[in-house]
Amino acid sequence: MKLYSPETIRNIKERYGFQLSKSLGQNFLTDKNIIDRIIEATEITAEDLVIEIGPGIGVITAEAAARAKKVVAVEIDRNLIPILNDTLADFDNVEIINADVLKTDLNEIIEREGFKTAKIIGNLPYYITTPIIMALLERGVHAESITVMMQKEVADRIQASPGGKTCGAITAAVNYYCTVTEVAFVPRTVFVPAPKVDSAVLRFDVRKEKEVELSDEKLFFRCIKAGFGQRRKTLLNSLGGACSLTKDELKGCLEKAGVDPSRRAETLTIREFADIANRIKEVSED
Ligand code: SAM
(Lines give C-alpha, C1' and ligand atoms only; values in the text may rest on other atoms or scores of the structure.)
Protein backbone atom coordinates (compact mmCIF):
# COMPACT_ATOMS: atom_id res chain seq x y z
CA MET A 1 0.00 0.00 0.00
CA LYS A 2 1.30 3.44 -0.94
CA LEU A 3 0.96 5.51 2.23
CA TYR A 4 1.31 8.86 0.51
CA SER A 5 -1.58 8.76 -1.95
CA PRO A 6 -4.89 10.67 -1.73
CA GLU A 7 -6.61 7.29 -2.10
CA THR A 8 -4.90 5.93 1.05
CA ILE A 9 -6.01 9.00 2.99
CA ARG A 10 -9.59 8.40 1.76
CA ASN A 11 -9.40 4.74 2.80
CA ILE A 12 -8.00 5.59 6.22
CA LYS A 13 -10.77 8.13 6.80
CA GLU A 14 -13.37 5.49 5.98
CA ARG A 15 -11.80 2.57 7.81
CA TYR A 16 -11.04 4.43 11.04
CA GLY A 17 -13.82 7.02 10.89
CA PHE A 18 -11.02 9.61 10.95
CA GLN A 19 -11.79 13.28 10.28
CA LEU A 20 -8.98 15.60 9.18
CA SER A 21 -8.69 18.48 11.60
CA LYS A 22 -8.14 21.92 10.10
CA SER A 23 -7.46 23.42 13.52
CA LEU A 24 -4.53 21.00 14.01
CA GLY A 25 -3.03 22.01 10.66
CA GLN A 26 -3.62 18.59 9.11
CA ASN A 27 -2.56 18.91 5.48
CA PHE A 28 -1.11 15.54 4.59
CA LEU A 29 1.68 15.16 2.06
CA THR A 30 0.94 13.01 -1.00
CA ASP A 31 4.05 13.50 -3.14
CA LYS A 32 6.84 10.93 -2.90
CA ASN A 33 9.37 13.26 -4.54
CA ILE A 34 8.94 15.83 -1.81
CA ILE A 35 9.13 13.16 0.91
CA ASP A 36 12.36 11.94 -0.70
CA ARG A 37 13.79 15.47 -0.83
CA ILE A 38 13.11 15.92 2.92
CA ILE A 39 14.63 12.53 3.73
CA GLU A 40 17.70 13.09 1.52
CA ALA A 41 18.31 16.55 2.97
CA THR A 42 18.19 15.10 6.49
CA GLU A 43 21.08 12.73 5.61
CA ILE A 44 19.87 10.02 7.98
CA THR A 45 22.34 7.25 8.87
CA ALA A 46 21.80 3.93 10.64
CA GLU A 47 23.32 5.50 13.77
CA ASP A 48 20.81 8.34 14.02
CA LEU A 49 17.94 9.21 16.28
CA VAL A 50 15.27 11.08 14.30
CA ILE A 51 12.57 13.03 16.10
CA GLU A 52 9.56 13.80 13.95
CA ILE A 53 7.07 16.55 14.73
CA GLY A 54 3.51 15.72 13.64
CA PRO A 55 3.72 12.38 11.80
CA GLY A 56 0.10 12.45 10.53
CA ILE A 57 -0.46 9.00 8.99
CA GLY A 58 3.30 8.36 8.90
CA VAL A 59 4.46 9.11 5.34
CA ILE A 60 7.73 10.74 6.45
CA THR A 61 8.03 8.51 9.52
CA ALA A 62 8.14 5.30 7.45
CA GLU A 63 10.93 6.62 5.19
CA ALA A 64 12.92 7.87 8.19
CA ALA A 65 12.44 4.56 10.04
CA ALA A 66 13.81 2.63 7.05
CA ARG A 67 17.10 4.53 7.46
CA ALA A 68 17.52 5.57 11.10
CA LYS A 69 18.41 3.62 14.21
CA LYS A 70 15.37 5.00 16.01
CA VAL A 71 12.50 7.36 15.20
CA VAL A 72 10.44 9.05 17.89
CA ALA A 73 7.38 10.84 16.49
CA VAL A 74 5.35 13.33 18.53
CA GLU A 75 1.71 13.59 17.41
CA ILE A 76 -0.92 15.62 19.24
CA ASP A 77 -4.01 14.01 17.67
CA ARG A 78 -4.93 10.89 19.61
CA ASN A 79 -7.19 9.77 16.76
CA LEU A 80 -4.06 9.27 14.65
CA ILE A 81 -2.35 6.94 17.15
CA PRO A 82 -4.18 3.69 16.22
CA ILE A 83 -3.70 4.60 12.55
CA LEU A 84 0.05 5.13 13.02
CA ASN A 85 0.32 1.87 14.96
CA ASP A 86 -1.05 0.12 11.87
CA THR A 87 0.73 2.07 9.11
CA LEU A 88 4.10 1.71 10.89
CA ALA A 89 3.54 -1.87 12.13
CA ASP A 90 6.45 -3.15 10.01
CA PHE A 91 8.98 -1.06 11.94
CA ASP A 92 10.25 -2.01 15.39
CA ASN A 93 12.36 1.14 15.71
CA VAL A 94 9.50 3.68 15.86
CA GLU A 95 7.95 5.12 18.99
CA ILE A 96 4.88 7.31 18.77
CA ILE A 97 4.31 9.78 21.59
CA ASN A 98 0.81 11.24 21.84
CA ALA A 99 1.64 14.76 23.01
CA ASP A 100 1.83 18.44 22.14
CA VAL A 101 5.39 19.02 20.89
CA LEU A 102 5.40 22.45 22.55
CA LYS A 103 4.92 20.73 25.91
CA THR A 104 7.42 17.96 25.23
CA ASP A 105 11.01 18.04 26.43
CA LEU A 106 12.86 16.78 23.36
CA ASN A 107 16.22 16.80 25.15
CA GLU A 108 14.77 14.41 27.70
CA ILE A 109 13.77 12.05 24.86
CA ILE A 110 17.26 12.28 23.33
CA GLU A 111 18.87 11.47 26.68
CA ARG A 112 16.43 8.68 27.49
CA GLU A 113 17.13 7.05 24.13
CA GLY A 114 20.86 7.14 24.87
CA PHE A 115 21.80 9.67 22.15
CA LYS A 116 23.73 12.93 22.35
CA THR A 117 21.85 14.62 19.51
CA ALA A 118 18.93 14.03 17.16
CA LYS A 119 17.96 15.00 13.65
CA ILE A 120 14.63 16.79 13.80
CA ILE A 121 12.25 16.42 10.90
CA GLY A 122 8.65 17.30 10.10
CA ASN A 123 5.96 18.84 8.01
CA LEU A 124 4.99 21.45 10.58
CA PRO A 125 1.37 22.33 11.37
CA TYR A 126 0.77 25.81 9.93
CA TYR A 127 -0.94 27.28 12.95
CA ILE A 128 2.14 26.95 15.18
CA THR A 129 5.11 26.87 12.79
CA THR A 130 6.84 29.88 14.33
CA PRO A 131 6.25 28.89 18.00
CA ILE A 132 7.63 25.40 17.28
CA ILE A 133 10.79 26.72 15.61
CA MET A 134 11.32 29.34 18.32
CA ALA A 135 10.78 26.73 21.06
CA LEU A 136 13.30 24.33 19.51
CA LEU A 137 15.91 27.08 19.32
CA GLU A 138 15.29 28.88 22.59
CA ARG A 139 15.14 25.66 24.60
CA GLY A 140 18.49 24.65 23.13
CA VAL A 141 17.33 21.33 21.72
CA HIS A 142 20.31 19.08 21.06
CA ALA A 143 19.62 18.94 17.34
CA GLU A 144 22.27 18.17 14.81
CA SER A 145 19.97 19.52 12.15
CA ILE A 146 16.33 20.54 11.80
CA THR A 147 14.73 19.84 8.40
CA VAL A 148 11.17 21.08 8.33
CA MET A 149 8.43 22.11 5.94
CA MET A 150 6.59 25.34 6.57
CA GLN A 151 4.49 27.85 4.67
CA LYS A 152 6.56 29.66 2.04
CA GLU A 153 5.95 33.01 3.69
CA VAL A 154 7.60 31.89 6.95
CA ALA A 155 10.49 30.34 5.01
CA ASP A 156 10.98 33.67 3.21
CA ARG A 157 10.85 35.55 6.49
CA ILE A 158 13.51 33.28 7.99
CA GLN A 159 15.77 33.83 4.96
CA ALA A 160 15.21 37.60 4.73
CA SER A 161 18.12 39.97 5.06
CA PRO A 162 18.03 42.81 7.59
CA GLY A 163 16.37 45.95 6.40
CA GLY A 164 13.58 44.14 4.60
CA LYS A 165 9.91 44.43 5.44
CA THR A 166 9.68 40.63 5.66
CA CYS A 167 12.26 40.13 8.36
CA GLY A 168 11.05 39.47 11.89
CA ALA A 169 12.01 38.09 15.31
CA ILE A 170 12.27 34.61 13.81
CA THR A 171 14.80 35.84 11.20
CA ALA A 172 17.14 37.00 13.94
CA ALA A 173 16.53 33.97 16.19
CA VAL A 174 17.12 31.35 13.49
CA ASN A 175 20.18 33.09 12.10
CA TYR A 176 21.69 33.48 15.54
CA TYR A 177 21.46 29.74 16.21
CA CYS A 178 21.74 28.22 12.75
CA THR A 179 22.78 28.43 9.15
CA VAL A 180 19.84 27.93 6.81
CA THR A 181 19.54 26.10 3.48
CA GLU A 182 16.43 25.95 1.29
CA VAL A 183 15.81 22.33 0.35
CA ALA A 184 12.65 22.52 -1.75
CA PHE A 185 9.75 24.64 -2.88
CA VAL A 186 6.50 22.72 -2.33
CA PRO A 187 3.35 23.70 -4.23
CA ARG A 188 0.03 23.64 -2.35
CA THR A 189 -1.32 21.01 -4.77
CA VAL A 190 0.62 18.11 -3.20
CA PHE A 191 -1.36 18.10 0.06
CA VAL A 192 -4.71 16.65 1.09
CA PRO A 193 -6.51 18.90 1.71
CA ALA A 194 -4.69 21.58 -0.32
CA PRO A 195 -3.85 24.59 1.89
CA LYS A 196 -4.30 28.15 0.63
CA VAL A 197 -0.54 28.78 0.42
CA ASP A 198 2.59 27.12 -0.96
CA SER A 199 5.29 25.69 1.28
CA ALA A 200 9.04 25.29 1.45
CA VAL A 201 11.41 22.91 3.19
CA LEU A 202 14.33 24.46 5.05
CA ARG A 203 17.24 22.77 6.73
CA PHE A 204 18.75 24.47 9.78
CA ASP A 205 22.22 23.45 10.88
CA VAL A 206 22.95 24.47 14.43
CA ARG A 207 26.08 26.62 14.51
CA LYS A 208 28.97 25.01 16.40
CA GLU A 209 30.21 28.49 17.17
CA LYS A 210 27.80 31.38 17.43
CA GLU A 211 28.37 34.35 15.18
CA VAL A 212 28.01 36.80 18.06
CA GLU A 213 28.98 36.77 21.75
CA LEU A 214 26.10 37.28 24.17
CA SER A 215 26.34 37.98 27.88
CA ASP A 216 22.65 37.12 28.37
CA GLU A 217 20.86 35.07 25.71
CA LYS A 218 17.42 35.51 27.27
CA LEU A 219 17.80 39.30 27.29
CA PHE A 220 18.89 39.20 23.62
CA PHE A 221 15.66 37.37 22.76
CA ARG A 222 13.57 39.75 24.82
CA CYS A 223 15.11 42.62 22.83
CA ILE A 224 14.38 40.93 19.50
CA LYS A 225 10.79 40.15 20.46
CA ALA A 226 10.19 43.64 21.88
CA GLY A 227 11.74 45.28 18.81
CA PHE A 228 9.74 43.30 16.27
CA GLY A 229 6.63 43.17 18.48
CA GLN A 230 6.30 46.91 17.94
CA ARG A 231 8.10 47.17 14.66
CA ARG A 232 6.70 50.57 13.71
CA LYS A 233 8.18 52.13 16.82
CA THR A 234 11.75 53.36 17.10
CA LEU A 235 14.13 51.16 19.08
CA LEU A 236 14.17 53.75 21.84
CA ASN A 237 10.44 53.25 22.27
CA SER A 238 10.12 49.53 21.59
CA LEU A 239 13.06 48.16 23.63
CA GLY A 240 11.77 49.55 26.94
CA GLY A 241 9.58 46.45 27.25
CA ALA A 242 12.62 44.16 27.22
CA CYS A 243 14.43 45.66 30.21
CA SER A 244 14.00 47.88 33.23
CA LEU A 245 16.22 50.75 32.08
CA THR A 246 15.10 54.36 31.92
CA LYS A 247 14.78 55.96 28.51
CA ASP A 248 18.00 57.88 29.06
CA GLU A 249 19.89 54.75 30.02
CA LEU A 250 18.48 52.93 26.99
CA LYS A 251 19.46 55.81 24.72
CA GLY A 252 22.99 55.61 26.13
CA CYS A 253 23.14 51.87 25.41
CA LEU A 254 21.97 52.33 21.83
CA GLU A 255 24.48 55.10 21.23
CA LYS A 256 27.33 53.08 22.77
CA ALA A 257 26.39 50.23 20.42
CA GLY A 258 26.64 52.69 17.52
CA VAL A 259 22.93 52.41 16.74
CA ASP A 260 20.80 55.48 16.12
CA PRO A 261 17.91 55.27 18.67
CA SER A 262 15.46 56.32 15.97
CA ARG A 263 16.09 53.19 13.91
CA ARG A 264 13.60 50.32 13.80
CA ALA A 265 14.18 46.64 14.61
CA GLU A 266 13.87 45.47 11.01
CA THR A 267 16.98 47.46 10.02
CA LEU A 268 19.30 45.81 12.56
CA THR A 269 21.82 43.05 11.94
CA ILE A 270 22.16 40.26 14.52
CA ARG A 271 25.48 41.76 15.55
CA GLU A 272 23.83 45.11 16.30
CA PHE A 273 21.07 43.40 18.31
CA ALA A 274 23.73 41.49 20.23
CA ASP A 275 25.70 44.66 20.91
CA ILE A 276 22.61 46.44 22.21
CA ALA A 277 21.63 43.50 24.46
CA ASN A 278 25.18 43.30 25.85
CA ARG A 279 25.19 47.07 26.60
CA ILE A 280 21.80 46.80 28.32
CA LYS A 281 23.11 43.89 30.40
CA GLU A 282 26.15 45.94 31.48
CA VAL A 283 24.01 48.87 32.63
CA SER A 284 21.42 46.59 34.30
CA GLU A 285 24.18 45.02 36.36
CA ASP A 286 25.55 48.36 37.64
N1 SAM B 1 3.77 14.48 8.57
C2 SAM B 1 2.44 14.36 7.99
C3 SAM B 1 2.52 14.58 6.49
O4 SAM B 1 3.51 15.20 6.05
O5 SAM B 1 1.61 14.17 5.79
C6 SAM B 1 1.44 15.34 8.64
C7 SAM B 1 1.80 16.79 8.55
S8 SAM B 1 0.51 17.88 9.03
C9 SAM B 1 0.98 19.35 8.17
C10 SAM B 1 0.92 18.36 10.70
C11 SAM B 1 0.78 17.25 11.76
O12 SAM B 1 1.13 17.83 13.04
C13 SAM B 1 -0.63 16.71 11.93
O14 SAM B 1 -0.57 15.31 12.00
C15 SAM B 1 -1.13 17.30 13.24
O16 SAM B 1 -2.07 16.51 13.91
C17 SAM B 1 0.18 17.41 14.02
N18 SAM B 1 0.19 18.44 15.07
C19 SAM B 1 -0.50 19.59 15.11
N20 SAM B 1 -0.21 20.29 16.22
C21 SAM B 1 0.72 19.55 16.91
C22 SAM B 1 1.40 19.75 18.13
N23 SAM B 1 1.22 20.84 18.88
N24 SAM B 1 2.25 18.78 18.55
C25 SAM B 1 2.44 17.66 17.80
N26 SAM B 1 1.82 17.42 16.63
C27 SAM B 1 0.97 18.36 16.18
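Worth a mention:
- Taking a ≥ b ≥ c as the square roots of the eigenvalues of the alpha carbon gyration tensor, the chain is prolate, as a/c is not under 1.5 and a/b beats b/c.
- Against the criterion of solvent-accessible heavy-atom surface with a 1.4 angstrom probe, I83, I76 sort, most first, into I76, I83.
- Adding -39500 (n - 2.57) for every DSSP H run of four residues or longer, then dividing by how many residues the chain holds, sets the calculated 222 nm ellipticity at -11500 deg cm²/dmol.
- Split the accessible area of the chain by element, probe 1.4 Å, and carbon with sulfur accounts for 47%.
- Förster radius 30 Å - calculated FRET efficiency between N79 and D105, Cβ distance, rounded to 0.05: 0.80
- Entries in K69/K103; K165/K225; K165/K281; K165/K218 that, when Cα-Cα distance is taken, lie over 18 Å: K69/K103; K165/K281; K165/K218
- Point-to-point label distance, D216-K116, nm (Cα→Cβ direction, 7 Å offset): 3.2 nm
- Using heavy atoms of the protein chains and a probe of 1.4 Å, the accessible area assigned to S244 is about 110 Å².
- Where the chain is the region considered: accessible area per residue in Å², 1.4 Å probe: 48 Å²
The values are calculated or read from the model by the stated rules, or taken from the named source; none is laboratory data. All values derive from a computational prediction rather than experimental measurement. As a convention, Cβ positions derive from the backbone with ideal geometry for all residues, glycine included, and neighbour counts pool all protein chains shown. Just so you know, the surface numbers come from the protein's heavy atoms only, side chains and all, with ligands and any DNA or RNA stripped out. Shrake-Rupley method; radii C 1.70, N 1.55, O 1.52, S 1.80 Å.
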